[in-house]
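A short write-up of the structure that comes next.
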Amino acid sequence: MGIKWRHWALPAAPLALALLATGCTSTPGAGAKPTGGPSTSGAPSTSVARVCAKPVAGPAKAPKGAVPIDPAVTGDLAAKTKSSPPNTTFWLRPGKHRLDPDRYAQVIPKKGNRYLGAPGAVLDGHKTNQYAFGGSARDITIRHLTVQRFVAPQDQGVVNHDSADGWVIEHATIQHNSGAGLMAGARQKVRASCLRENGQYGINAYKPGDAIRGLVIEGNEIVGNNTDDWERRREGCGCTGGVKFWAVNGADVRGNWVHDNRGTGLWADTNNNDFRIEDNVLEANDGAALIYETSYNAVIRKNTIRRNNWVEGRKYAKKGDNFPFATIYLSESGGEPRVRARTDKIEFYRNTLENNWSGITLWENADRFCNSPANTSSGDCTLLVKNTDRCARPKIATAPLYADCRWKTQRVDIHDNRFVLDKSVVKCTVKCDRMAVLANYGTYPDWSPYKGDRVAEAITRKQHNRWHDNVYLGPWKFVAHDPSRVLDSGQWQGTPYRQDTGSTFRARDGG
């Protein structure tokens with residue numbers, strides 16, 4: 001799994017009403033690293049929930065029938081969970097709670113348990129325990145609790161370690177842990193929580209051997225994750241992000257403030273489907289704001305996306321790489337009517353992108369397909385072909401396998417967006433100003449039916465990828481077919497590309 005970015009190798013929106021009801025709002029960017037001047041988009045200021053700065057307090061007294069947990073008694077939470085029946089409510093008193101000093105001394109909830117933190121209640125792993133809550137019990141609720149300083153291994157999570165179904169995490173603070181702050185199961189809801197400065201991910205939405213259905217991530221602040229800088233430790237691992245999604249079928253990601261993560265903000269990787277990503281503020285992430293990779297069918301709308309990809313974009317530009325590294329990166333992903341979802345395309349509309357490092361890149365690796373050694377999603381195949389071994393010669397060269405063995409960037413509809421670029425804010429001169437639709441020249445393996453420029457021609461002109469009715473402010477350039485074809489707006493709108501019909505282009509100061 002994961003992504004090879006290098007192509008040679010492998011309007012401001014309102015937040016969810018539920019979040020605004022908490023009253024915890026501020027101007028986006030407050031507390032973020034400085035990344036430039038005031039808004040230049042002409043859009044109204046957007047308010048976002050500062051969940052981390054002002055968490056909603058839990059109950060000061062134990063609810064009726066709740067089992068109180070004493071922070072002075074080491075292991076009290078795990079012990080009372082074990083001795084109590086399912087559907088028990090536990091109230092953690094103010095103070096720092098500890099588990100037994102063993103790395104596997106996590107709490108194992110029973111079905112329907114509820115864990116409520118009093119004001120100041122903290123479950124602390126003391127850099128000793130690997131996990132906070134694990135096991136397979138369904139329908140667990142965790143509210144108003146801070147969970148910190150656990151040491152989960154790479155790709156594993158601290159809360160809901162075993163990706164059980166139906167968990168609800170609300171008004172929680174999950175911070176300063178190794179690995180992922182939390183894992184996800186089916187029907188999981190993560191709301192109004194602070195997911196801060198975890199070593200790898202804020203959330204790792206992954207369930208071994210199964211698709212996650214019905215995931216809701218709403219009204220959270222997801223900030224500063226990947227403190228262990230995993231992409232540097234394992235170059236090309238594709239194993240970081242504020243949130244990483246794997247094989248999630250049906251997700252609503254709305255009203256979140258995803259900012260200042262060390263890498264990608266939101267990353268959907270390998271056979272995700274039916275996403276709605278809306279009303280978020282994606283801001284000042286070192287890498288892309290959003291990567292949607294080898295996945296299907298999504299609506300991405302009404303997001304404010306600004307000052308992303310400055311670190312990673314600048315790094316590759318300094319190396320002389322001419323690939324259009326983008327803030328929105330759709331890699332081998334597109335609409336597929338045969339995969340059931342709320343839409344049959346990828347629709348990107350009514351978003352504001354302001355002073356990011358470049359804009360949107362639609363990409364397809366000609367050498368990446370089921371059963372190819374160049375497929376970085378090792379062992380996986382598309383949702384249209386269950387048996388990877390079918391994607392082999394000679395049948396792969398003929399219908400239907402020729403089409404179905406590829407994840408294809410197709411049916412992408414980009415419209416009614418506002419793209420703003422002031423190079424004096426981004427502090428760049430070249431390679432930060434591009435929209436792109438392209439592929440590489442197919443060469444590998446020797447039996448591939450996709451050699452040459454077949455895929456580049458298809459993604460550029462034959463797969464119904466379309467920009468139209470957008471507004472551009474600034475010195476935008478456009479890349480089509482391959483990295484060498486850099487176009488101005490007139491060439492982009494003209495024959496043979498005919499993109500951005502109905503769009504307007506206006507230069508601005510700072511270009």
Gyration tensor (alpha-carbon) shape descriptor, the stretch 336-442, a/c threshold 1.5: prolate
Nitroxide proxy distance, nm - points 7 Å out along Cα→Cβ at R232 and S424: 3.3
Using a Förster distance of 41 Å, the FRET efficiency for R342-K54 (Cβ separation, nearest 0.05): 0.75
Neighbour net charge for M183 - beta-carbon separation under 9 angstrom, K R +1, D E -1: 0
Which of T146, I203, G242, positive extreme of dipole for the chain (C-beta unit charges): T146
Expected 222 nm ellipticity per residue - DSSP helices of 4 or more, -39500 (n - 2.57), all of the chain, to 500: -1500 deg cm²/dmol
Mean Cβ neighbour count within 10 Å, used as a protection proxy, ranking 200-206, 364-370, 173-179 highest first: 200-206, 364-370, 173-179
Sequence ranges 123-134, 465-476, ranked by mean other-Cβ count within 10 angstrom, highest first: 123-134, 465-476
Restraint check, K345/K451; K395/K451; K315/K408; K207/K408; K80/K110, Cα-Cα greater than 19 Å: K345/K451; K315/K408; K207/K408
Solvent-accessible area of C237 with every protein chain in place, 1.4 Å probe, in Å² to the nearest 10: 20
Cβ-based net charge around F150, under 12 Å, with every Lys or Arg adding one and every Asp or Glu removing one: +3
Highest to lowest packing among 300-309, 161-170, 221-230, scored as the average C-beta count within 10 Å: 300-309, 221-230, 161-170
Potential lengthening between K64 and T128 on full extension [0.36 nm per residue; Cα-Cα distance subtracted]: 19.7 nm
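Extension gain S484-K111, at 0.36 nm per residue separation less the Cα-Cα distance, in nm? Mind showing how you got there, number by number?
Values: separation 373, 0.36 × 373 = 134.28 nm, distance 5.75 nm.
The span from S484 to K111 would gain 128.5 nm if fully extended.
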The stretch 255-366: C-alpha gyration tensor shape, a/c 1.5 cut-off, then a/b vs b/c: oblate
Whole-number percent relative contact order across the stretch 304-457, with pairs defined as alpha carbons under 8 Å at least 6 apart: 32
Around Y206: net Lys/Arg minus Asp/Glu count, Cβ-Cβ under 9 Å: +1
log₁₀ of I(q)/I(0) at q = 0.08, 0.11 Å⁻¹ - the chain, Debye sum with one point per alpha carbon: -0.49, -0.89
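Would you kindly state how much longer the chain becomes between K315 and Q154 on full extension, computed as 0.36 nm times their sequence separation minus their alpha carbon distance, in nm to one decimal? Show your work: numbers first, answer last.
On the way: separation 161, 0.36 × 161 = 57.96 nm, distance 2.53 nm.
My answer for the length gained is 55.4 nm.
The values are calculated or read from the model by the stated rules, or taken from the named source; none is laboratory data. These numbers were taken from a predicted model, which means no experiment stands behind them. Counting neighbours? That spans all protein chains shown, and the Cβs are built from the backbone with ideal geometry, glycine included. Note: accessible area is taken over every heavy atom of the protein model, side chains too, but ligands, DNA and RNA are not part of it. Shrake-Rupley method; radii C 1.70, N 1.55, O 1.52, S 1.80 Å.
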